Amino acid sequence: MNLLDRAEEVRFQFKKDLSKVNIDIQSVEDFRLEYLGKKGYIPALFREFTSLSVEDKRKCGKILNQIKKEAENSIDTLKQRLNSIGIDEDFFDYTLPGKLPRLGHLHPVTQTMNEICSIFREMGFGIEFGPEVETDYYNFQALNFPENHPARDMQDTFFIDDSILLRTHTSPIQIRAMEKQKPPIRILAPGRVYRNEAISARSYCTFHQVEGLYVDENVTFCELKGTLEIFAKRYFGKDVKLRFRPSYFPFTEPSAEVDISCFICGGSGCRVCKHTGWLEILGCGMVDPNVFISVGIDPEKYTGYAFGMGPDRIAMLKYGIDDIRLFFEGDIRFLKQF
Amino acid sequence: MIVNTKWLEKYIDIPYSPEELEEHLTYIGLESKIQKSPVDKIRGVVIAEVLDVLHHPNADRLSICKVSTGFDMQDVVCGAPNVAKGQKVPLALLGTVLPNGMELKPVKIRGISSEGMICAEDELGISSDHSGIMVLDEKAPLGMELSEYLSGEGTSIDIDLTPNRPDCTSPIGVAREISILTQGELKIPEIKFKESEESTKDYIDVEIENIDGCPRYAARVIKNVKIASSPQWLIDHLKGVGIRSINNIVDASNFVLMETGQPLHTFDYRKIEGKKIVVRNAEDGELVETLDGIKRALSKDILLICDAKNPVAIAGVMGLGNSEITPETKDILIESAYFSPTTIRNGSKYLGLSTEASYRFERGVDPEGITNAVNRITDLIIELAGGKVCKGIVDKYPKKISPAVVKIRFKRINRLIGIDIEKSWVKEIFEKLGCKILKSDDKSVQVLSPTWRPDLEREVDYIEEVIRIYGMHKIPSAKRLQIQPSHEVDSRYDLIEKLRSILCSYGYFEVFNNSLVSEKQTQFTFKPVKPVKLRNPLSLDMAYLRTSLIPGLINTARWNINRRNCDLQIFELGFIQYFDPDSETHAMEILKFSLLITGALEDEHWGYQTRKSDVFILKGVIEDLTHRFGIESLKFEKCKNNYFKNLLGSNINGKEFCYLGQINQEYLQSEWSIEVPIYVLDANASVLLDQAKFEIRYKPLPIYPAIERDVSILLPEKIPIEEVKQKIMKEGGELLREVKFYDLYHGKNIDNGLKSVTFNLVFQVADRTLKDKEVDKRMLAIHEVLKNDLNAKLR
């Protein structure tokens, strides 16, 4: 059949010419027009194709398409050689920038939360979630914040109505978990929390927390210290020092705040640690018996510890970020850095 | 709260440097920080004496001061109204750099040269006071550096007091804590005054109507005092804790409040009607005018101090103007009381008024410290204002506040802390804390709590005291943890992280937006919902919880576009909320993830063309994403919504899953001033996580070759591609393994109303090599159907 023969001829000629094309813009373009341009050989074959019978079309169509594709690919290759090699075939400009894969970035606070969670998960903690809109009972009462107690001033609260509010910490998740599960309970509670505080470089009305809870027989303060020490060394480096000092949280007794030796200056004092050599990174303590009573766990039989930290703050310390609002602006130039 | 080491030393010997004290206090739970005085760093400000003050010849308000530093004399032009001959003042010498950055150079002021500056407090960074120059004590040594002189005034330590420690709201309380560490004796100021023959009870009677709100109320009368301004030491002392001096009586009561932590109030006795104090609840709406001149409407939960006729003070919060001490006051009535913490807190909250007094009452004052405080202030008033002290204190104590009796088991201490602590040491600590040991044996100790420690009520409270004094930093860390992994799997957390990381791998940047939005932004939903409204928002712009993640993403897009970052692929994963009366919290919370794209998908680069955003990019994302979560082919439907042009929606197993489309350009323009096209996807993450399936069964790879064929047709434009594909699949039957749509063309050489489309068909079966003939037969059937059913023309 005529068309098929001619097609094979075009293919053969194309290959022959291809090896002779000069690698310069004009020659490559002329070559392309000769075969693939409107008046080129290959479109001419296709024009002829339309007048064939159905049966012939079936036979030829695939071959024509193949020839066209081959020609296009070869010309693309020529063009690439033009671009990368330039005119001098021996010149290879290795300084041309690489063609980067385009991947996204996880938010620095997400990365921080994931890193924190993965260390505790290795130790055996599981992850629990809870609602952001909470009842006063779960956010305060069950956590041993009596009504009308100055302890409530420690957390400025957004209220929906008298008994419903935006959680000020992820501790309500601990209560919900203790209501559901029987000891041993070991959970992490990551999530978004809210405080009614004016927005500034140092505070934002919403931020994140990761809390942990371990309830079992014979959970001690020594166990708490050992656990947090492993975390701190894994997360901040094995030379980091921890400092526990007594504090007050309604839901733990005894309560402590934990400082780590400043990882910027190594403890000698700098701007980040406000010249104290220490950075406050988390609060913790032994679960208050009143909390156990409110969830129906016998405080004589079981003891437990709880801790909580702010990944936003930890990320700020770690990356040297001095304005928390950057986390919520979504500026691509900022997010790209993590 | 700020304490000064110099005052602390009045009550306890301190064998520590300020830095050591800071650390010791911090380790026993009083988080302390030395307050660096800005003056510490200044060099070149010295103490000088004003020898003479002359009028400036060219300016009425300026004067020329001759000052001496003891080794030098100079002329300084000064504009302060209070400068006077004989004063000791801080003089900044030439070359000195002040905290505000100002460097002193010789200058001519209105023709007179000035060789230095007499400083006001604000210029030294001490306070914001610029009313006049700072005047120092007349004994201040000439020529001494001001920083050196002021360092003799003690070091201020700022204690961040936790709300459970009312006992430490005073230097005496802090001194008591130090005494536990040092074994030192607490030095309580001696009471020296003598009482007169007249008896207080002849002058005042106290009647308490609400004994729960006011379990104890003590009063005393002092006659014939002389109201005057306070001596400098008292003015300075109060200033150091941020209190303005008023007169000797009011200052004395503030001094004792700060010293002991017991708030006191003084009334002008002659303004108290009927020789009577009545403690009662206010009536709803009752109006009073407080000392600060503000008229306040009260509620029935607020406790009032009244005389026989009228209210004279809001109990524990603030006095009223009608009974305040004035320069004409002769006789005074002193109040010292224990008000219930809840009552005072309610009142203070209701009025939005927090004072030094309410701060202490709402934390709980020492019920046994009431009369001591009366005696202490009496002594001070006699010293400062003279007068005759009426005999005795009228002390009504109708409801005894009993400190707790607590049994502490040694075994329990060990169980909670994890190490054994010496029993005798524990008992010793309890005694030092001020407990009375009632019983003690080998197993436990029973104590009566000190009256100033309302926080010590339970065994665990005492265990905290043990660990606090022992030193948390000395307790060893467990070397071998007893925690064991749980059998439960957190599939939800893992799936959420998988979702995030897949989106990230598609090139999307994760952003966080504020969940608190304006009412208008809550209207951006696919179905009308009632948003959750905050009762006490920061502003109207942040009065609602978001009902969609999309407005936040558009906001982020605008932020970036305004900063010339116009190519965006961003996502957020988070909760949205709307009102739901059936939920426990009256809010439905849904975990969502939303994507936004605009501009090019790749950076501009040599060597290739970048792809541009469109709806099908997002369609591809969600198709691939669901596939990775084990969900078979999504079906899309066309939807309508005013915020969108070309909106698609999809369900998974009948559950509403996602919407995607292009945002309506007029809306973008009018609401957001964005002119470029923006495409978004909104998806319910919970549906994806719930429906996800990961039971992958491997399919054997084909052994026999495939035959590929193309179908290239012209067909009416309005026939959807999916319909064509379905026809092809049906006719292709069991031989047809895959149909790929790969080319779409309209325009040149194609008649109006038509489109040219091409599919690639792969025929293959598992058990044999297909023959061309079989495939040809199917192809013929496909062409026939397309021709007959869809009016397609073969190309």
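The values are calculated or read from the model by the stated rules, or taken from the named source; none is laboratory data. Quick caveat: nothing in here was measured; it's all calculated off a predicted structure. With ideal geometry, Cβ positions are generated from the backbone for all residues, glycine too; neighbour counts draw on all protein chains shown. Note: areas computed on protein heavy atoms with side chains; ligands, DNA, RNA excluded. Shrake-Rupley method; radii C 1.70, N 1.55, O 1.52, S 1.80 Å.
Summary of computed values
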read-out	value
Listed pairs B:LYS407/B:LYS427; B:LYS443/B:LYS474; A:LYS15/A:LYS68 exceeding 18 Å between Cα atoms	B:LYS443/B:LYS474
Amide H within-cut-off set for A:LYS241, under 5 Å, with H built and near neighbours excluded	A:SER261
Rounded percent of accessible protein surface that carbon and sulfur make up, the stretch B:181-322, 1.4 Å probe	48 percent
The stretch A:134-206: relative contact order as a whole-number percent, Cα under 8 Å and 6+ apart	30 percent
The stretch B:132-185-the stretch B:266-292 distance, computed between alpha-carbon centres (Å)	36 Å
Separation of alpha-carbon centers, the stretch B:86-104 and the stretch B:1-68, rounded to whole Å	15 Å
Rounded accessible area per residue of the stretch B:549-633, 1.4 Å, Å²	44 Å²
Sparse-neighbour loop sites [GluC sites (Glu not before Pro); the stretch B:703-779; at most 15 other C-beta within 10 Å; DSSP]	B:GLU717
Qualifying trypsin sites (Lys or Arg not before Pro) in the stretch B:466-560, DSSP loop, other Cβ atoms within 10 Å at most 16	B:LYS479, B:ARG480, B:ARG535
Efficiency of FRET between B:LYS41 and A:GLU217 - r from beta-carbon atoms, R0 56 angstrom, step 0.05	0.50
Accessible area that becomes buried as A packs against B, both chains, 1.4 Å probe, Å², nearest 100	9000 Å²
Solvent exposure of the stretch A:91-193 as accessible area per residue, Å², 1.4 Å probe	38 Å²
Prolate/oblate/rounded call for the stretch B:621-746, Cα gyration tensor, a/c under 1.5 rounded	oblate
Assigned charges on the beta-carbon of Lys, Arg, Asp, Glu; the stretch B:11-163 dipole about Cα centre (debye)	920 debye
Computed FRET value (nearest 0.05) for B:CYS566 with B:PHE616, which takes r as the C-beta separation and R₀ as 30 Å	0.90
Rounded to whole Hz, the Karplus (6.51, -1.76, 1.60) HN-Hα couplings of the stretch B:341-346, x for glycine and proline	x, 4, 4, 5, 5, 4
Kirkwood Rh, Cα atoms: Rg over Rh of chain B	1.16
Whichever lysines have a C-alpha closer than 16 Å to that of B:LYS108, once near sequence neighbours (fewer than 8 apart) are set aside	B:LYS66
Shape category assigned to the stretch B:70-153 from the gyration tensor of Cα positions, a/c cut at 1.5	rounded
Where chymotrypsin sites (Phe, Trp or Tyr not before Pro) fall in DSSP loop in the stretch B:596-647, at most 11 other Cβ within 10 Å	B:TRP606
Translational diffusion coefficient (Stokes-Einstein; Kirkwood radius from C-alpha pairs) of the stretch B:617-664 at 20 °C, 1.002 mPa s, in µm²/s	192 µm²/s
Cα gyration tensor category, rounded, prolate or oblate, for the stretch B:259-384 with a/c compared to 1.5	oblate
Anchor B:LYS36: aspartates and glutamates whose Cα lies under 17 Å away (excluding residues fewer than 8 positions away in-chain)	B:GLU19, B:GLU20, B:GLU22, B:GLU23, B:GLU121, B:ASP122, B:GLU123, B:GLU145, B:GLU148, B:GLU153, B:ASP158, B:ASP160
Relative contact order [Cα under 8 Å, 6+ residues apart], the stretch B:367-473, whole percent	29 percent
Whole-angstrom gap from the stretch B:300-345 to the stretch A:16-73, using each part's C-alpha centre	103 Å
Nearest 10 degrees, 0 to 90: helix B:171-182 Cα axis against chain B principal axis	80 degrees
Above-threshold pairs, the threshold being 25 Å between Cα atoms, out of B:LYS592/B:LYS699; B:LYS725/B:LYS787; B:LYS727/B:LYS755; B:LYS300/B:LYS396; A:LYS16/B:LYS740	B:LYS592/B:LYS699; A:LYS16/B:LYS740
Helix-only CD estimate at 222 nm, as mean residue ellipticity for chain B, using -39500 (n - 2.57) per DSSP H run (n ≥ 4)	-8000 deg cm²/dmol
Under 28 Å, Cα to Cα: Lys pairs in the stretch A:155-294, sequence gap 8 or more or different chains	10
Karplus-derived HN-Hα couplings along the stretch B:432-440 (A = 6.51, B = -1.76, C = 1.60, θ = phi - 60°), whole Hz, x at Gly and Pro	5, 5, x, 6, 9, 7, 8, 8, 7
Using alpha-carbon coordinates, inclination of helix B:248-260 to the longest axis of chain B, degrees	60 degrees
Between helix B:491-505 and chain B: long-axis angle, C-alpha atoms, 0 to 90°, nearest 10	70 degrees
Difference of contour (0.36 nm per residue) and Cα-Cα distance, B:LEU481 to B:ILE401	24.4 nm
Charged-residue dipole, Cβ positions (Lys, Arg, Asp, Glu), the protein assembly as shown about Cα centre, Debye nearest 20	2880 debye
Cβ-Cβ FRET estimate between B:HIS605 and B:GLU457, R0 fixed at 56 Å, reported to 0.05	0.20
Chain B: relative contact order as a whole-number percent, Cα under 8 Å and 6+ apart	8 percent
Long-range HN-HN contacts of B:ILE12 with modeled amide H, under 5 Å	B:LYS187
